[in-house]
Amino acid sequence: MRFEDRYFEDYEVGETRTTTGRTITESDIVTHAGQTGDFFPHHMDKEWAATQPFKKRIAHGTLAMSIAVGQTAGDINPQSMSYGYDRVRFIAPVFIDDTITVTAEITQKRDHKKRPDEFGYVDELVSVVNHDGQTVLVLTHIYLVNKRGAH
């Protein structure tokens, strides 16, 4: 990891970044189930899942989301913080042994409504694909970013 000061003015709409792949393991699913208390058979019961339409266990959507967002968190920016996530959509299932890759694109910048001289919001469209190139998850990650010279 590295530290990099990027202020609101430094972000450009249209800039993109793509991560390396990350393979989802059975251990990931078991750990996530323990952390969240979500032990639904869709995730945990191999025999039951075989009787369902997907025929195998699927990763929790929140697990895929957590890993995807974590993949984009390689740089620490002291001038920015996560403000939240909008429009989260689980498009297709993620299975054990699927490898996911993330592309993040800056899609919008806007001033903070109450303190426009100090802060702005930066929206980043996060798209997650599996090893077959199928989109499995999309969301908008919103950052609250300091403006240059405001602090």
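For (1) under 30 Å from D123 (Cα atoms); (2) touching a Lys or Arg at 6+ places or on another chain (Cβ under 7 Å), each residue gets a yes or a no:
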| site | (1), (2) |
| --- | --- |
| Q35 | yes, no |
| K46 | no, yes |
| A59 | yes, no |
| A64 | yes, no |
| I67 | yes, yes |
| Q71 | yes, yes |
Positions within the stretch 1-18 being part of a helix (DSSP H, G or I) and touching a Gly at 6+ places or on another chain (Cβ under 7 Å), in sequence order: F8
(1) in contact (Cβ under 8 Å) with a residue 12 or more places away in the chain; (2) assigned to a loop (DSSP other than H, G, I, E, B) all hold for F39 apart from (1)
Under 20 Å from L139 (Cα atoms), among the charged types (D, E, K, R) and at pLDDT 95 or above - does that describe any residue in the stretch 28-50? no
Considering only the stretch 19-33, how many residues are in a helix (DSSP H, G or I), touching a residue at least 24 places away in the same chain (Cβ under 8 Å) and surrounded by fewer than 18 Cβ atoms within 10 Å (Cβ to Cβ)? 2
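Determine whether D38 is in contact with a Ser or Thr (Cβ under 9 Å, 6 or more places away or on another chain) and exposed (fewer than 12 other Cβ atoms within 10 Å of the Cβ).
no
Which of the following residues is surrounded by fewer than 16 Cβ atoms within 10 Å (Cβ to Cβ), touching a Ser or Thr at 6+ places or on another chain (Cβ under 8 Å) and charged (D, E, K, R): E105, E124?
On the way: E124 fails: surrounded by fewer than 16 Cβ atoms within 10 Å (Cβ to Cβ).
Every option except E105 fails the conditions.
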Could you list all residues from the stretch 43-66 that are touching a His at 6+ places or on another chain (Cβ under 9 Å) and crowded, with 16+ Cβ neighbours inside 10 Å? H43, A49, R57, I58, A59, H60, L63
Of the residues that sit in the stretch 132-143 and are crowded, with 18+ Cβ neighbours inside 10 Å and not β-branched (V, I, T), which one is farthest from E9 (Cα to Cα)? L137
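The values are calculated or read from the model by the stated rules, or taken from the named source; none is laboratory data. All values reported here derive from a predicted model rather than from experimental measurement. For neighbour counting, all protein chains shown are included, and Cβ atoms are generated from backbone atoms with ideal geometry for every residue, glycine included.
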